[in-house]
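I have placed the structure first, in the form of structure tokens, so that the comments after it can refer back to it.
Readers should treat all values here as calculations from the given coordinates under stated rules, not as data from a laboratory. Bear in mind that the values here come from a model prediction, so they are computed numbers and not experimental data. Because the Cβ atoms are built from the backbone with ideal geometry, glycine has one as well, and the counts that use them run over all protein chains shown.
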Amino acid sequence: MTKKLSGFTSKLVHAGHRHEPSGSVVTPIYQTSTFAFDSTQQGALRFAGKSEGYIYTRIGNPTLTALEECVTALEEGAGAVATSSGMSAVTTAYMALLNSGDHVISTASVYGPSRTLMERHFSRFGVGSTYLDTSDLTQVEAAFTKATRIVYVETPSNPMMQVTDLAAIAKLAHSHGALLVVDSTFASPYLQRPLTLGADVVLHSVTKFINGHADVVGGILVAHDLELVRRLRQMMVVTGCNMDPHQAFLVHRGIKTLSLRLERAQQNATRIARWLESRPEVAWVRFLGLESHPQYLLAAKQMSGPGAMICFELKGGLKAGADLMNGVKLAALAVSLGGVETLIQHPASMTHSGVPEAERLATGITDGLVRYSVGIEEADDLIEDLRQALEPQG
Ligand SMILES: *Cc1c(COP(=O)(O)O)cnc(C)c1O
């Protein structure tokens, strides 16, 4: 039985863990593909869904259940489904909730593969989609058709940290008979809980903040009601994109420090963003904790902190950005985010290189834009690292 817990950090540490007969404090890795039944009757009852218990690891495994119960508690949902990657969580949501002929409204700057999968592949099966700035509800309202079944929102969005008002867009989606699905990877459940604001499904790439140690790829979906959980789980099971028990164990270990890691990382990020804003080489800085962010107030209302993602543009454009990225020594030049180590990358040539140039520029991703995922190192060291890269002679 899961303990009764109220505080978020207590849930991080305890939610989902079972007391095994051995007394193990953490849930062990159940490294098994299958589970033996006591009798044919018991096997039949489990297959019929009339008796609790495990059958086969693609369908369920106690190490996965422990993680799923933990994230369900954090997101205040009805249940969760862990998946092999963040992208398999996205695929499971699309597959479970859409039929041929349906239509999706989506944030234009969603994670690239989430858009490619829908535009290039679900379109082959007759699913239509419209991409727009979901932070502008007038645009969203105008895009509904009779066939719209899902509003798919990523907030804050990557890399421009655009914020969509979740409570307002949930009402709008529901008034048109559509479900709201939120990719909340950039916030993590520590900073934002979309289900409490009216979303139907929230999903994460646990690769990022939830695991937090840059050593696992994984995903998870959490739904607002049991019927949605059942539909998502059935789809995960038939498509075979289950998380592996060893992966689940590592994620459940990493998640325990989510609030500690994020508190430190966002303190660092706040100092670094202010410092960047004061630098003559920097044209502008986008960070949710700066008053200069156009949605500073909405972010402060919807989220409990600004997070740890900064993007900024150097006055020297592409060349200055490349020199900075080649010049840093502490930050690693790598994609991904949300780990204990600071990462720096160049969206125009890396994460967003697949987006057509005109569209990339229209969403604000200029050639000189730098994305910086702040880790938990000493802020002074990170600032010194940026300073020596900005003034190579200094
Ligand atoms: C990384 C990421 C994904 C995809 O997750 P993977 O674990 O790499 O499959 C989806 N959405 C967002 C916002 C991401 O950052």
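Pairs exceeding a 32 Å alpha-carbon distance, out of Lys171/Lys208; Lys171/Lys315; Lys301/Lys329; Lys256/Lys315: Lys171/Lys315; Lys301/Lys329; Lys256/Lys315.
Under a Gaussian network description of the chain, with springs only between Cα atoms under 10 Å, the residue in Asn158, Asn242, Asn99 that fluctuates furthest is Asn99. Taking amide H as placed 1.01 Å from N in the peptide plane, the amide H of Asn242 sits under 5 Å from that of Ser84, each at least 5 places away or on another chain.
Ordering 248-255, 55-62 by mean Cβ neighbour count within 10 Å, with the highest value first, yields 248-255, 55-62.
Comparing Cα centroids, segment 97-121 and segment 198-231 end up 18 angstrom apart. Its residues counted as N, segment 8-255 yields a C-alpha radius of gyration over 2.2 N^0.38 Å of 1.02.
Here is how the number arises for the chain: DSSP H runs of 4 or more residues each give -39500 (n - 2.57), the sum is divided by the residue count, and the result at 222 nm is -11000 deg cm²/dmol.
Residue by residue, segment 267-283 carries 3J(HN,Hα) couplings of 5, 4, 4, 4, 5, 5, 4, 5, 5, 4, 4, 8, 7, x, 6, 9, 6 Hz when phi is fed to the Karplus relation 6.51 cos²θ - 1.76 cosθ + 1.60 (θ = phi - 60°); x denotes Gly or Pro. Annotation: amide H-H contacts under 5 Å for Ser205 (H modelled 1.01 Å from N, sequence separation of 5 or more, or interchain): Thr185.
Annotation: amide H of Thr27 within the under-5 Å range of Arg18, sequence separation 5 or more or interchain, hydrogens built in the peptide plane. Largest GNM mean-square fluctuation among Met350, Met161, Met95, using the chain with Cα springs under 10 Å: Met350. Note on segment 246-394: Rg/Rh from C-alpha atoms, Kirkwood Rh, equals 0.97.
When the chain is treated as a GNM with alpha-carbon contacts under 10 Å, the residue of Thr207, Thr185, Thr257 showing the greatest mean-square fluctuation is Thr257.
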